[in-house]
Structure formats: C-alpha cells, structure tokens
Amino acid sequence: MSCFMSCCAWLTCGCCSSVASGISKRSARLAYCGLFGASLIFAWILREVAAPLLEKIPWIGRSSHTKEWYQMSMVLRVSLGSFLFFGALSLIMIGVKDQNDKRDGWHHGGWIAKMIIWLLLIIFMLFVPNFVITIYGFLSKFGAGLFLLVQVVILLDFTHTWNDSWVEKDEQKWYIALLTVSVGSYIAAFVLSGILFIWFNPSGHDCGLNIFFIVTTMILAFVFGVIALHPQVNGSLLPASVISVYCAYVCFTGLSSEPRNYACNGLHKSSAVSTSTLVLGMLTTVLSVLYSALRAGSSTTFLSPPSSPRAGAAKPLLELEDMEAGKEKKETEARPVSYSYTFFHLIFALASMYAGMLLSGWTSSSESSDLIDVGWTSVWVRICTEWVTAGLYVWSLLAPLLLPDREFS
C-alpha cells in the first residue's frame, strides 16, 4: 500500500507545477472543475482496486466485508476528502465582497498548495474509522438530494432567462426562433417518450410501473404547455418545452438504471458488462456532474454577495461622504466579485456527495459490483427528481397568481 501511495503522490506532485503555473484568474473556475473531475476519476480507479487495498488496512479490513462493501467504502472515502476540501474553502470564503479582500487571492491562486492539500485529504481518509464513513454515507444522501434540487432550480432559471433574452429583442426572427425551438423540443420530448415505450415495455411482460412513469412524463409535458399558454399566466412555450425534454431525459436515465435482471428493462437483455459500456456511462456521469456543478457554482441566482453587480438593486460602494480622500479612492477602485465564492465551493462540496452516491450505488450493495448507478434506489432518485422539477416549474407559473401580493423575479 505504501508503494501505491508513493506512486500516486509522485505522479500528482510531478504535474502540480506545470498545471498550477498555467492557471490564470479567469480560468480558476475551470481549474476547480478539473480538480473535482480528478476526484471522480480517482474514486472510480480506486473503486476497482478497493478490495485488495483496504482489506490489508487493520482498522478497515474485516473478514465479513464483501467486495461491494470495500468498493463503496473507498468511493465514500475519496468523496469525503473532496467534500472536506471544498467545504473548507466555502467556509474560508464567507464574506468576500470585493477583490481587495486578500481571500480573493486565495480563491484564484495558491494552486500547488491546494493540490497538495487535496491529495493529503484523500490519503488521510484511509485512516478514518469505518463508523465515520458510515455516518458520511448517510448524510451524503441528503447532500446529494440538495445538489439535485439546486440543479433543478438552475435549470428553471436558465430556461426563463433564455426566453426573456429572446423576447426582449422584440424582432420577428427571434419570435420565429422561439417557436421553432419550442415546437422542436416538444417533438423531441414525445418522440423520446415513444422510444421509452419500446425499450422499457417489452411485449410479453407486465411492465405497469414503467408504463406509469412514461405516461406520467407525457401528461406532465402536456400540462406544462396548457398552463404556460393560459391567458392569466405570464408564461411561455419555450421554458415549458425545454422542461418537458428534460423530464423525458430524466425518465430515461431512471428507467435505464433498473437492474439488469429486470425483465422490463429492454436495454439490459444481456447480463454481460463490457468495459466500453462502463467507460461510456462513467464519462456521461462525470460530464453531467461537472456541468451542473460549474453552472450552479458560477450562478448569481443564489447567494450573490451584496456588492455583486447582479445581486439586486445598485448600491453605492461608499455610504459615508466624510471619509478620508485616500481611503475613499481606494474603496472606489475596488471591484466587487461577480459571484459568491462561498456558494461556488458549497456546490462542489454537495456535488462531491452526489458523485459519491452515484459511484457507490447510493450505498446499496444489492447490485453487481461491476455496475455504476444501477439499482432501484437510483431509479427512484431519478423519478423523484423529475417530479420535483415538474412541481417547481408549475409553481413558478402559478405562484404570481396564488400570491399576488408578493413580488416574484
């Protein structure tokens, strides 16, 4: 084990200098994204060698532990290291409002130190007792759920912003574009739902649950359009169509996560698991999590600092006119940060929990150890995410009517 750790440390530290020197202030967010992606890949690789590695550690290895348990434990340990790294940064960055704060430099610089600390945290997790990992696995279910909720809110904000930006142009070509994208998205949603009927409702089998999921998805898409086009609702067809496609996609990911031996899962007729299938599925999961974390963490929709240009109404940086001239000039030149550093790192911390749940099968060892994100727990998490998305979107349309005295923006 010491040899293995030495090799990992040597490979990581060897590229620290070259990578860190190329990270500029503008690319810091991408660098954090790359560090998070490295955590995912690291967890996936160690997952494959978890059993022979962990069973040699006295305070972890037990004769009663199975291969699946060792894999789950290794994934959660890497996930916990990543969570502590981003969680600590989130706490350190509380209250950063402008770029004169020295912590702004900490956020954008010091990459060699950050990479070393990140690696040491992951290695240190091998010395953590099993009961701590068990507690973290339980808490990660709630953290992963919160990450999915934030992901849904970001999607809703994106669709409304997209629609408003095209409507504000007030030109015929943009209205045509709105209609084209909306109709195309609805066609894609219903075509995908039809394909789901073929894949997950094979003839000769009673697949009532799958039919219920698919039909519910199609009904929701129809309801979205009806509510959005109602005269009393200030809605638009574009957000409704995009949310419909998203719900159809989430339904597909949920159904495709059904166990391989489930008769109604037409995608898994063969019990053999090819390496290419696992690699493709893992890459899809990594890209999805990275995009969600990067977009959510960079968003100004949540927890924007008061001095941020997008945090609300414009506020003067100087409220006292009798300040000394030199100090006044210094504060006037201070530029506010464009997004909340605390929330940015918090999103990556929650995404670390979510990634840990994906790679550990939501701490369920009932499925094959060769499979990733497969099992009934994964199915219901996806389906519930779809329903929560639908509920939040409908609420965003009906809330101004139900609560006319409140301002919704």
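The values are calculated or read from the model by the stated rules, or taken from the named source; none is laboratory data. The structure displayed is predicted, hence computed values, not measured ones. Positions of Cβ are backbone-derived with ideal geometry, glycine not excepted, and every protein chain shown enters the neighbour counts. Side chains are part of the model used for accessible areas, which takes the heavy atoms of the whole protein and leaves out ligands, DNA and RNA. Shrake-Rupley method; radii C 1.70, N 1.55, O 1.52, S 1.80 Å.
Leaving ligands, DNA and RNA out of it, work out the accessible area of Lys56 with a 1.4 Å probe and give it in Å² to the nearest 10.
150 Å²
Can you give the accessible area of Glu68 in Å² (nearest 10), computed on protein heavy atoms with a 1.4 Å probe?
60 Å²
Heavy atoms only, 1.4 Å probe, whole protein assembly: order Cys264, Cys384 by accessible area, highest first. It would help to have the intermediate numbers written out before the result.
Details: Cys264 5, Cys384 60 Å².
Output order, biggest surface exposure first: Cys384, Cys264.
Got a number for carbon plus sulfur as a percent of the range 26-103's accessible area, 1.4 Å probe? Present the calculation step by step, with values, prior to reporting the outcome.
Details: 2200 of 3560 Å².
Here it works out to 62 percent.
Got a sec? What order do Tyr32, Tyr175 fall in by accessible area at 1.4 Å, biggest, i.e. largest, first? Before the final figure, lay out the partial values.
Numbers: Tyr32 0, Tyr175 95 Å².
Order by accessible area, largest first: Tyr175, Tyr32.
Taking the Cβ of Ser352 as the center, what net charge do the other residues with Cβ under 14 Å away carry, scoring Lys and Arg +1 and Asp and Glu -1?
On the way: positive: Arg77, Lys141; negative: none.
Value of the local net charge: +2.
With every protein chain kept in place and ligands, DNA and RNA left out, what is the accessible area per residue of the range 63-211? Probe 1.4 Å, answer in Å². All intermediate terms of the calculation are to be shown ahead of the outcome.
Details: 7560 Å² over 149 residues.
Normalised by residue count, the accessible surface of the range 63-211 is 51 Å².
Can you pull the accessible area of Ile133 for me, 1.4 Å probe, Å² to the nearest 10?
Accessible area, nearest 10 Å²: 10 Å².
Under a 1.4 angstrom probe, counting protein chains only, how are Arg77, Arg62 ranked by accessible area, largest first?
Arg62, Arg77
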